[in-house]
Amino acid sequence: MPPGVLTRFAAPILLALAVLSGGCAWLNGSTSEATAAGTVTGADGLVEAPAPEPEPRSFTMVAVGDVMLDRGVWRSIQSGGYQRILEKVRDDLRSADITFANLECPLATSGAHAPTDCIFRADPRAVDVLLDGGIDVVTIANNHTLDAGTSGLMETLDNLDRAGVAYCGAAREREDAWQPCRFEVRGVMLGFIGCTDLSFQHGSWCKVDSELTEFAQHVRDAKEQCDLLIVTVHWGNEYQKQPTQRQRDVAGAAIEAGADLVIGHHPHTLQGVGEHLGAPILYSAGNFVFDQREGERMESAIFHLTWVEDEGWTIRMVPVWIPRSRCGPIYPEPSRAAKIIERLATLSANLGVPVTVRDNEGEAFIPAASPTEAAGEVAPASEHPSAAAAVDG
């Protein structure tokens, strides 16, 4: 779909009306003064109720990791129907105002296809999995974006457009690929941009430059078009639990240029939650729909994010497991859930973000940046405490 605003939810009307219990005092133009109790007393002694403070703007979001719909996942869809892939977590995914995932494959009928060699091309009918899970927006900036060539990418955009799933990280015209996909959610204009930062050759049209200068400008340009900007990056090293210094540098550069949330993917395993200047960093959301080998790469989480204006972000982490027989996430038994969430809590603590674990779920709060931090009076990203605490991958 062409870049533009997608109004997915009606914005609430936030007009606060004063309650005039003694209207005469206001109508006759007499002078009023505030009392210590917070009421307003007119010259004639009548007490006026103060206008209520407007509620801060807020919204909820669900973020998950890699969704690959080819290979074993497609066989699972064929044998049990598309509904089986996300049926165990469907309500969780649909519970938020907006839901995001990384689409790790083209949706096309032509082009290269060698799934055993990780050259993916999923049947376009598999888009029903995204719709069933209520996924509103995907990034298609990853190392599989052009597995089926440019024509396969264009067909992918056609199929996402027809399904009503928004996307970032690619566009009809290459020069538009950095344009944000925008949503109006509860009176907040959200923007998403997607990009890659990988050391090997890959086909994404949105690549982070080595010096981060062009990248930072893309972020600044996108932020001018929205209230909050989510930057998603395909980065890091596969199967490593700790973010690299390069990941931390890219995240810091994005946030200092205006990003309000950074979501990472590509390692195929969970990495911790970090923060910089009051912006959360999900270094790797792990796999979500995939057919990789058993172990930590098939253990992941659903990230529930709640943003409240001038307060910050609350992140609730719900552990999931991806059985190979299903290739879609389910809630694990208590012992496995405890292991997943404790690992994620430890990785996040190493990045400077404490996680409270309760009932096999994790929760972290990242307060909004202070006025001093917002003004930019902070150390560079590579010297920030939350970055320095991590172990290089």
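Just so you know, all these numbers are worked out from the coordinates, no wet-lab data involved. Please read these numbers as outputs of a predicted model, since none were measured by experiment. Cβ atoms come from the backbone with ideal geometry, glycine included; neighbour counts cover every protein chain shown.
Return the sequence-ordered ³J(HN,Hα) values of region 179-192 in whole Hz as given by the Karplus equation 6.51 cos²θ - 1.76 cosθ + 1.60 applied to θ = phi - 60°, using x for Gly and Pro.
5, x, 7, 10, 10, 9, 10, 6, x, 10, 8, 9, x, 10
Using the Cα gyration tensor of region 175-323, with a ≥ b ≥ c the square roots of its eigenvalues, what is the shape: rounded (a/c below 1.5), prolate (a/b larger than b/c) or oblate (neither)? Walk me through the numbers on the way to the answer.
Details: a/c = 1.76, a/b = 1.23, b/c = 1.43.
The shape class here is oblate.
Could you tally the net charge around Pro367, taking each other residue with its Cβ under 11 Å from the Cβ of Pro367, Lys/Arg +1 and Asp/Glu -1?
Numbers: positive: none; negative: Glu275, Asp310, Glu311, Glu373.
So the surrounding residues net to -4.
Place the peptides 199-209, 237-247 in order of packing, highest mean first, counting for every residue the other Cβ atoms within 10 Å and averaging per peptide. If you can, show how the numbers build up before the last one.
On the way: 199-209: 16.2, 237-247: 18.9.
Ranked by mean Cβ neighbours within 10 Å, highest first: 237-247, 199-209.
On full extension of the chain, what length is gained from Lys88 through Asp128, given 0.36 nm per residue of separation minus the C-alpha to C-alpha distance?
Numbers: separation 40, 0.36 × 40 = 14.40 nm, distance 1.56 nm.
12.8 nm is the gain from fully extending Lys88 to Asp128.
Given R₀ = 30 Å, FRET efficiency for Ser325-Ser210 by Cβ-Cβ distance, to 0.05?
Values: r = 43 Å, r/R0 = 1.42.
The calculated FRET efficiency here is 0.10.
Going 7 Å from the Cα of Ala112 in the Cα-to-Cβ direction, what parts of region 194-214 have a backbone nitrogen less than 11 Å from that spot?
Within reach of a label on Ala112, which here means backbone N under 11 Å from a point 7 Å along Cα→Cβ, region 194-214 contributes 202-203.
Taking square-rooted eigenvalues a ≥ b ≥ c of the alpha carbon gyration tensor, is region 282-341 rounded, prolate or oblate, where a/c under 1.5 means rounded and, failing that, a/b exceeding b/c means prolate?
Numbers: a/c = 2.83, a/b = 2.09, b/c = 1.35.
Taking the square roots of the gyration eigenvalues as a ≥ b ≥ c, region 282-341 is prolate.
Would you tally the net charge around Glu296, using a Cβ to Cβ cut-off of less than 13 Å, leaving Glu296 out, and scoring K and R as +1, D and E as -1? Working shown, then result.
Numbers: positive: Lys241, Arg293, Arg297, Arg336, Lys339, Arg343; negative: Glu238, Glu294, Glu299, Glu342.
Summing Lys/Arg as +1 and Asp/Glu as -1 gives +2.
Which three semi-axes in whole Å describe the equivalent ellipsoid of region 71-160, each the square root of 5 times a Cα gyration tensor eigenvalue, listed largest first? Can you show the working numbers first?
Details: eigenvalues 102, 49, 21 Å².
They are 23, 16, 10 Å, listed largest first.
What distance in nm separates the simple spin-label points at Tyr239 and Glu294, each placed 7 Å from Cα in the Cβ direction?
Those two pseudo-labels are separated by 1.7 nm.
Near Thr109, within a Cβ-to-Cβ distance under 12 Å, what is the net charge of the other residues, with Lys and Arg +1 and Asp and Glu -1? Intermediate results must be reported in sequence, preceding the final value.
Numbers: positive: Arg121, Arg125; negative: Asp123, Glu155, Asp158.
Local net charge: -1.
Over what distance in Å are the Cα centres of region 179-224 and region 319-376 separated?
If we compute the Cα centre of each part, the gap is 25 Å.
I'd like the distance separating the alpha-carbon centroids of region 279-299 and region 78-100, in whole Å.
About 16 Å separates the Cα centre of region 279-299 from the one of region 78-100.
From the C-alpha gyration tensor of region 90-244, pull out the three semi-axes of the equivalent ellipsoid (sqrt of 5λ each), sorted largest to smallest, in whole Å. The partial results should precede the final answer.
Working: eigenvalues 103, 89, 48 Å².
Working from the Cα gyration tensor, I get semi-axes of 23, 21, 16 Å.
Would you please classify the overall shape of region 61-388 from the alpha carbon gyration tensor, given that a ≥ b ≥ c denote the square roots of the eigenvalues, rounded means a/c under 1.5, and beyond that prolate means a/b larger than b/c while oblate covers the rest? Before the final figure, lay out the partial values.
Working: a/c = 1.58, a/b = 1.19, b/c = 1.33.
Oblate, because a/c is 1.5 or more while a/b does not exceed b/c.
Consider a paramagnetic label point 7 Å from the Cα of Asp227 along Cα→Cβ; state which residues of region 178-206 have an amide N under 14 Å from it.
In region 178-206, the label zone of Asp227 (backbone N under 14 Å from the point 7 Å along Cα→Cβ) covers 183-191.
Between Ser335 and His202, what FRET efficiency comes out of the Förster formula 1/(1 + (r/R0)^6) with R0 = 25 Å and r the beta carbon distance, rounded to 0.05?
On the way: r = 38 Å, r/R0 = 1.52.
Given R0 = 25 Å and the Cβ-Cβ separation, E is 0.10.
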